[in-house]
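First up is the structure itself, then whatever we jot down about it.
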Amino acid sequence: GIVLLILAFMLVIRVADPWPTQVLRLKSFDFMQTRAEKVNAEDVIIVDIDEQSVEKYGQWPFDRKDLASIVDRLRANGAGIIVIPALFSEPDRARGDDDFAKKLRNNGVVIAQQVTNQNKKPDAVRRGVAKIGEDPKPHLYRWQGALAPIGKLANSADGVGVIAAAPEPDGVVRRMPMLVTIGDSEEIYPSLVLEALRVSTGDPSYQVKTSEAGVEAVRVPQYGAVTTDQTGSVWLSWNYNTPRVSIMGDLKKVKDKVVVLGLTIEGVGGVIATPTGSAYAHDMQANAIQTVVDK
């Protein structure tokens, strides 16, 4: 009888999955991440827009003519795909959007759109997704709205992907959704990471495989399947030593690498909590790209 009571109690806990159980499970994941052996990230490099760059370009946000010149410098040094996890949802105050758009066009650049629950404008940039099996939308994370790039930039960039992290009870970033839904739209929107993979292969769309239990995998046809959890999210590996360089430094190291360009300017660069400590928000994108490439 005692054994049956224990089994019944454990079954109730498993089905209910209360907050303390979720946190305990997540903290176990964190412990494994802190104990994991460090490995070098071979495919990705972080390029920081740092305090040195402010001396040259002025306060952030930089004029988009200056961003165009930064893309030029990265391309001149042989960068692979250039990922810019920054929002361009308003026109440039210095009227540099035309210059920036020219540098984005057919140049291997992926820019961002931000999901939000602060508004209900599902104006995100769409990409085609082929569905295999069940409808994935009921299983994906959903946000009320999105902040998309202005049309001139969205139509010029080779890729536009969503910035989002899977919500966790304690606010630590451990997973990243590869696909999300927004508002009441029937569309599915890819992450910035998935867009970087798609652009690197030249594929026009994605595939998502779903069963009754949830999403099983997403796939860029020329790249291969990426296994996900039931929400379409990938658990990130936080044990990478990812090389990084200042945008004002020697950029020869970017050759043939996926470049993630992000902010470390004091008071501007966003910081997130990870299983191994705090990190810049664009570090998450770099980490996620290498995690997916290594899967």
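Structure summary
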| quantity | calculated |
| --- | --- |
| Subset of the stretch 232-245 (residues that are open to solvent by 20 Å² or more (accessible area, probe 1.4 Å), hydroxyl-bearing (Ser, Thr, Tyr) and either more than 24 Å from VAL173 (Cβ to Cβ) or touching a strand residue (DSSP E or B) at 6+ places or on another chain (Cβ under 7 Å) (or both)) | TYR240, THR242 |
| Failed condition for MET178, given (1) within 18 Å of GLN113 (Cα to Cα); (2) surrounded by fewer than 24 Cβ atoms within 10 Å (Cβ to Cβ) | (2) |
| Close pairs from the stretch 87-113: first within 19 Å of ASP203 (Cβ to Cβ), partner open to solvent by 20 Å² or more (accessible area, probe 1.4 Å) and among the basic types (Lys, Arg), Cβ under 7 Å, at least 6 apart | ASN107/ARG75 |
| Lone unmet requirement of (1) touching a residue at least 60 places away in the same chain (Cβ under 8 Å); (2) assigned to a strand (DSSP E or B); (3) surrounded by 16 or more Cβ atoms within 10 Å (Cβ to Cβ); (4) in contact with a helix residue (DSSP H, G or I) (Cβ under 7 Å, 6 or more places away or on another chain) for LEU261 | (4) |
| Residue in the stretch 93-113 that is of a type in the set (Asp, Glu), surrounded by fewer than 20 Cβ atoms within 10 Å (Cβ to Cβ) and in a loop (DSSP other than H, G, I, E, B) present | no |
| The stretch 75-86, subset out of contact with any helix residue (DSSP H, G or I) (no Cβ under 6 Å at 6 or more places or on another chain) and not in a strand (DSSP E or B), residue most open to solvent (accessible area, probe 1.4 Å) | ALA76 |
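The values are calculated or read from the model by the stated rules, or taken from the named source; none is laboratory data. In this text, all values refer to a predicted model and were calculated from it rather than measured experimentally. Here Cβ is always computed from backbone atoms with ideal geometry, including for glycine, and neighbour counts include all displayed protein chains. We work out accessible area using only protein heavy atoms, side chains counted, and drop any ligands, DNA or RNA first. Shrake-Rupley method; radii C 1.70, N 1.55, O 1.52, S 1.80 Å.
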